[in-house]
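One structure below.
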Amino acid sequence: MNFYRLFPALTLSLILTACGGGGGGGGGGGSTAPVASTSTFQIKTAYVNNLTTASSVPFTASGTTSGTPFTGSGTVTTGAPSTTTFEGQSALQTTSVITGSLLVNGTTVPLSSTSTSYYESNYAFLGSNGTDYVVVNSAFNLPSTAKVGDTGVVFTANRYSNSSKSLLIGMKTVSFAIDADTASTALLKVVTVDKDTSNATTYSSTATIRITPSGVPTRVNEQGIDYTNHTTLTITY
């Protein structure tokens, strides 16, 4: 059972998607049909505001590992940015810590996971150090504003086994989409896909965040699949 592959990766997607605040229920208001808002949404404002504010957010978890179901709960705690260096340049860093526990076949499995993310002074994402070592190899393309129906690739990155970068283990692509929700909100979906050096998908996740036009975000849920370890995970806030 390898849950730790999923939790740091989902935490990274949280940081990139500017999630703040507590839970906001389901993705589209229960049985109510989604409404395509005509508003413009300040997604970069939400992203930057989140990075400058420390947070501690509880979650519940559920999923399967090799066909065995599990449940659990915990907290994601992210600190405010501090100065550091990354890949030989000045940078800002934030550290996210996940604590909690999972219940699998009547056995409690503790959760304890830490990942650090690095940014330029303008908060463009540079990379991270967690389960693997990630270095962005493209421009950081998170638009300032977006409307329902907009999509795009935010960045691509190399994935290494550790900070020595002696072993390339694959690539990471993070993209976004703005989906319909209500007349006054939208759903920001951030999709992360990891591939190995043979271009086979090893991991994917989708983080869903409800946002207002002014850029106020509320975490909804995240879903991840680790294809290598046959594990699925849903986090609900």
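The values are calculated or read from the model by the stated rules, or taken from the named source; none is laboratory data. Predicted, not measured: the structure shown is a model, and the values here were computed from it. As a convention, Cβ positions derive from the backbone with ideal geometry for all residues, glycine included, and neighbour counts pool all protein chains shown.
Within region 110-145, the set of residues being over 15 Å from V174 (Cβ atoms), of a type outside the set (S, T, Y) and crowded, with 16+ Cβ neighbours inside 10 Å comprises L111, N129. Just one of the listed residues (L51, L103, L111, L92) is touching a residue at least 12 places away in the same chain (Cβ under 8 Å), touching an Asp or Glu at 6+ places or on another chain (Cβ under 9 Å) and among the aliphatic types (A, V, I, L, M), namely L92.
The residues of region 179-199 that are over 17 Å from T151 (Cβ atoms), in contact (Cβ under 8 Å) with a residue 12 or more places away in the chain and among the small types (G, A, S), listed by number, are A183, S184. Among the residues of region 110-155, just one is touching a helix residue (DSSP H, G or I) at 6+ places or on another chain (Cβ under 6 Å) and at positive phi, namely Y123. For region 78-89, a residue qualifies if it is in contact with a Leu (Cβ under 9 Å, 6 or more places away or on another chain) and either surrounded by fewer than 16 Cβ atoms within 10 Å (Cβ to Cβ) or in contact (Cβ under 8 Å) with a residue 60 or more places away in the chain (or both), and the qualifying residues are T78, A80, S82, T83, T84, E87, Q89. Scanning region 197-210 for residues that are farther than 17 Å from V174 by Cβ and either of a type in the set (F, W, Y) or touching a strand residue (DSSP E or B) at 6+ places or on another chain (Cβ under 7 Å) (or both) returns T197, R210. Looking only at region 163-190, residues that are part of a loop (DSSP other than H, G, I, E, B) and not small (G, A, S) come to 4 in all.
Restricting to region 54-67, count the residues that are in a strand (DSSP E or B) and free of Cβ contacts under 8 Å to residues at least 60 places away in the same chain. Selection size over region 54-67: 2. For region 131-154, the condition holds for at least one residue, the condition being that it is of a type in the set (S, T, N, Q), in contact (Cβ under 8 Å) with a residue 60 or more places away in the chain, within 24 Å of T95 (Cα to Cα) and not in a strand (DSSP E or B). If you filter region 176-201 down to residues that are at pLDDT below 95 and not hydrophobic (A, V, I, L, M, F, W, C), you find that the one that is surrounded by the fewest Cβ atoms within 10 Å (Cβ to Cβ) is K189. Cβ-Cβ distances below 9 Å connect no pair with a first residue in region 214-233 that is on the phi > 0 side of the Ramachandran plot and part of a strand (DSSP E or B), a second residue that is at pLDDT below 90 and surrounded by 19 or more Cβ atoms within 10 Å (Cβ to Cβ), and a separation of six or more residues or different chains.
The set of residues from region 155-175 being surrounded by 15 or more Cβ atoms within 10 Å (Cβ to Cβ) and either over 15 Å from Y203 (Cα atoms) or touching a residue at least 40 places away in the same chain (Cβ under 8 Å) (or both) comprises F155, V174. Every condition in (1) over 19 Å from L142 (Cβ atoms); (2) surrounded by 15 or more Cβ atoms within 10 Å (Cβ to Cβ) holds for T75 except the one numbered (2).
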